[in-house]
1. Looking at region 240-281 only, could you name the residues that are assigned to a strand (DSSP E or B) and buried (at least 18 other Cβ atoms within 10 Å of the Cβ)?
2. Considering each residue of region 14-60, count those that are without any contact (Cβ under 8 Å) to a residue 40 or more places away in the chain and either under 32 Å from the mean Cα position of the chain (by Cα) or within 21 Å of residue 108 (Cα to Cα) (or both), and give that number.
3. Being within 30 Å of residue 290 (Cβ to Cβ) and crowded, with 18+ Cβ neighbours inside 10 Å narrows it down to one residue among 424, 380, 402, 440; which is it?
4. How many of the residues in region 383-399 are at pLDDT below 90 and either crowded, with 17+ Cβ neighbours inside 10 Å or within 18 Å of residue 442 (Cβ to Cβ) (or both)?
5. Considering region 414-444 alone, what residues qualify as being under 39 Å from the mean Cα position of the chain (by Cα) and assigned to a loop (DSSP other than H, G, I, E, B)?
6. If you check every pair at least six apart or on different chains, which have Cβ atoms under 8 Å apart with a residue in region 388-414 that is at positive phi first and a residue that is modelled with pLDDT under 90 second?
7. Can you name the helices (runs of 4 or more DSSP H) wholly within region 1-113 that have at least 1 residues being assigned by TED's automatic domain parsing to the domain that holds residue 181 and under 24 Å from residue 163 (Cβ atoms)?
8. Just checking, which of 173, 197 is without any contact (Cβ under 8 Å) to a residue 40 or more places away in the chain, under 22 Å from residue 33 (Cα atoms) and either out of contact with any helix residue (DSSP H, G or I) (no Cβ under 6 Å at 6 or more places or on another chain) or exposed (fewer than 15 other Cβ atoms within 10 Å of the Cβ) (or both)?
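The values are calculated or read from the model by the stated rules, or taken from the named source; none is laboratory data. Everything numeric here is computed off the predicted structure, so don't read it as measured data. Heads up, the Cβs are rebuilt from the backbone with ideal geometry, glycines too, and the neighbour counts pull from every protein chain shown.
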């Protein structure tokens, strides 16, 4: 088994012999065999153990057992005690989900603070099969069927070449001691029901069932690679990113078939589930303004685009005005602006970039005021002589809903000097009579 372990680690580029790896060890047969293979393989590692306090003295005995192994191997030992049931109750999640969350948060902390390359867990091929069926029972897309990957960010699974029976046989042959977790015999957990009831039945029907389903999972994984390559080409044609706003072209999207499935795949990276993506698909022909939310993002249905922004980053700024005193050279919040004064002369060129405003300084009443636009606001856009409602200007210039939300006004007295990043007010333009120019630039 050691040769298989070394080969799997090497072929999947999980880690090198010099990389410092955290080996997660519960004391069970899977993780005890994995720790033994790390030791016999001459790898650089430490052992980490989670005491979730779920089985009383049995949990404490597991901790002592694993601590003894670390001492035998002469490697560093990390242990932490968790109030798992309290955490689950407070967060209204299952005990199993609480344990998983606490475990991986701590692993991430150790990796960040102690210099480990990754944490190794002892998931094996039977775990992959059980996960496959759990995801089917819950409902899943293709990503839920591709099995446990050898590498997931900073987590590696170096035992994914072996079935449980092979691991148990190796432990017996090599006299590797381990502890039995009594909770593994309980039928109240879905995974245990699959392990003790369904999978043995499937093995009766097909004695080679485990190899067959593992082969199938590998084919699904390869199919997912093909799908992702295709989706990347679709994203290039339909999705653009500008200033943190993801835009999906509705016209381009509407040519795809099946539309619902394509839309789900495009929205899934932003936390939208299938039921929400189906709602979005049904609303593509509705007027602008519909909003949809995932736990991390908001989607706005605009005229020609679906606009996706991260929650908390592109929403509406709290109401109120920010005063800008005369002599200010730079401000960082809520908008990054740089101010400077220039002498007007015949060779000076007026910068026509929308991110720069060049204004007649003599027309400015200090302090300037910076605020969000609101209904009823009007201004005289550069090049015009009559007042125009901001709302009409937005429509004429095809502002998206998010662009309107993020629109800032620079006010002098009661007049709009600049719709920042878009258009200055005509009364404040530079003319041949202008002596001093106030130059304002939006900083990235």
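1. Within region 240-281, the subset assigned to a strand (DSSP E or B) is 240-242, 245-249.
Scanning region 240-281 gives 245, 246, 247, 248.
2. So the answer is 10.
3. Details: 424 fails: within 30 Å of residue 290 (Cβ to Cβ); 380 fails: within 30 Å of residue 290 (Cβ to Cβ); 440 fails: within 30 Å of residue 290 (Cβ to Cβ).
Selected residue: 402, the only one of 424, 380, 402, 440 that is within 30 Å of residue 290 (Cβ to Cβ) and crowded, with 18+ Cβ neighbours inside 10 Å.
4. Result for region 383-399: 1.
5. 420, 421, 422, 443, 444
6. Qualifying pairs under 8 Å: 398/303.
7. Numbers: elements: 2-11, 29-40, 57-73, 84-91.
Ranges flagged: 2-11, 29-40, 57-73.
8. Working: 197 fails: under 22 Å from residue 33 (Cα atoms).
Of the residues listed, the single one that is without any contact (Cβ under 8 Å) to a residue 40 or more places away in the chain, under 22 Å from residue 33 (Cα atoms) and either out of contact with any helix residue (DSSP H, G or I) (no Cβ under 6 Å at 6 or more places or on another chain) or exposed (fewer than 15 other Cβ atoms within 10 Å of the Cβ) (or both) is 173.
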